[in-house]
Amino acid sequence: MLHEFFATGVYRVRAAAETYETTSPSMDISKASNFERFVFDLLGHDQEHVRDLFGRQLAETGEFDLSETAEFASIPERYGFVSGTSSHADRVRTIREVSDTYGVVIDPHTADGVVVARGLVGAEPMIVLETALPVKFASTIVEAIGVEPHRPARFDGLEGLPRRVTVLTGGVEQLKGIIEGAS
């Protein structure tokens, strides 16, 4: 969804049927929770314009289009943002290649960044930052390199710790009550 915006200027919220679970779950979003802040900055802190985009236009049409604006055209220069896509096969292959070449095991989200960076690399250096510990995605790591990722000692016994879960059956009003009680 964010790649679509950065490639086309169109921001379109996805329905559940259009949001797929992948081995890179932080990329499996249908509505970007912090995106409104970026658009607010992009549009020079124009509250009314942002309110129109996220309030009226998204509510009425499920999307908005900034493709013809000077602000959208300025994104690469102003922010240095570029985007791309990565498939499961891309990320598994990249985890394997980075492990084989550098002896470093990377997580699926970082692998997505490496895949996109490799496709965009040019005259300027490209830096990809690790985003999560590989142990969080053990099954994907095993698929890629055939071994369990290193598990830091601080996670030993994690599965045995008590869970604190509140099942909400009363809908929004129950949630509001819990939030108000925590204030």
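The values are calculated or read from the model by the stated rules, or taken from the named source; none is laboratory data. Keep in mind it's a predicted model, so treat the numbers as computed, not measured. Note that each Cβ is placed from the backbone with ideal geometry, even for glycine, and that neighbours are counted across all protein chains shown.
The table below lists the values:
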read-out	value
Where a residue in the stretch 1-12 is surrounded by fewer than 15 Cβ atoms within 10 Å (Cβ to Cβ) and its partner, wherever it lies, is at pLDDT 90 or above, with Cβ under 7 Å and at least six apart	8/67; 10/63; 10/65; 10/67
Number of the exception - residue 44 against (1) assigned to a helix (DSSP H, G or I); (2) surrounded by fewer than 16 Cβ atoms within 10 Å (Cβ to Cβ); (3) at pLDDT 95 or above; (4) of a type outside the set (Asp, Glu)	(1)
Subset of the stretch 63-110 [aliphatic (A, V, I, L, M) and part of a helix (DSSP H, G or I)]	70, 73, 75, 89, 92, 95, 98
First in the stretch 80-101 and over 17 Å from residue 7 (Cα atoms), second anywhere and at pLDDT below 90 and of a type outside the set (A, V, I, L, M), Cβ under 7 Å, 6 or more apart	88/22; 88/23; 91/23; 91/24
Exclusive hit being surrounded by fewer than 17 Cβ atoms within 10 Å (Cβ to Cβ) and either assigned by TED's automatic domain parsing to the domain that holds residue 149 or farther than 18 Å from residue 3 by Cβ (or both), set 62, 119	119
Search result, residues across the stretch 82-116 that are surrounded by 13 or more Cβ atoms within 10 Å (Cβ to Cβ) and hydrophobic (A, V, I, L, M, F, W, C)	82, 92, 95, 98, 105, 106, 111, 114, 115, 116
Test: residue 140 is among the β-branched types (Val, Ile, Thr) and surrounded by fewer than 16 Cβ atoms within 10 Å (Cβ to Cβ)	no
Exclusive hit being touching a Gly at 6+ places or on another chain (Cβ under 6 Å), outside any loop (DSSP other than H, G, I, E, B) and under 24 Å from residue 84 (Cα atoms), set 113, 119	119
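Residue-wise test of (1) in contact with a strand residue (DSSP E or B) (Cβ under 8 Å, 6 or more places away or on another chain); (2) in a helix (DSSP H, G or I); (3) surrounded by fewer than 13 Cβ atoms within 10 Å (Cβ to Cβ).
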residue	(1), (2), (3)
129	no, no, yes
135	no, yes, no
147	no, no, yes
154	no, yes, yes
162	no, no, yes
167	no, no, yes
179	no, yes, yes
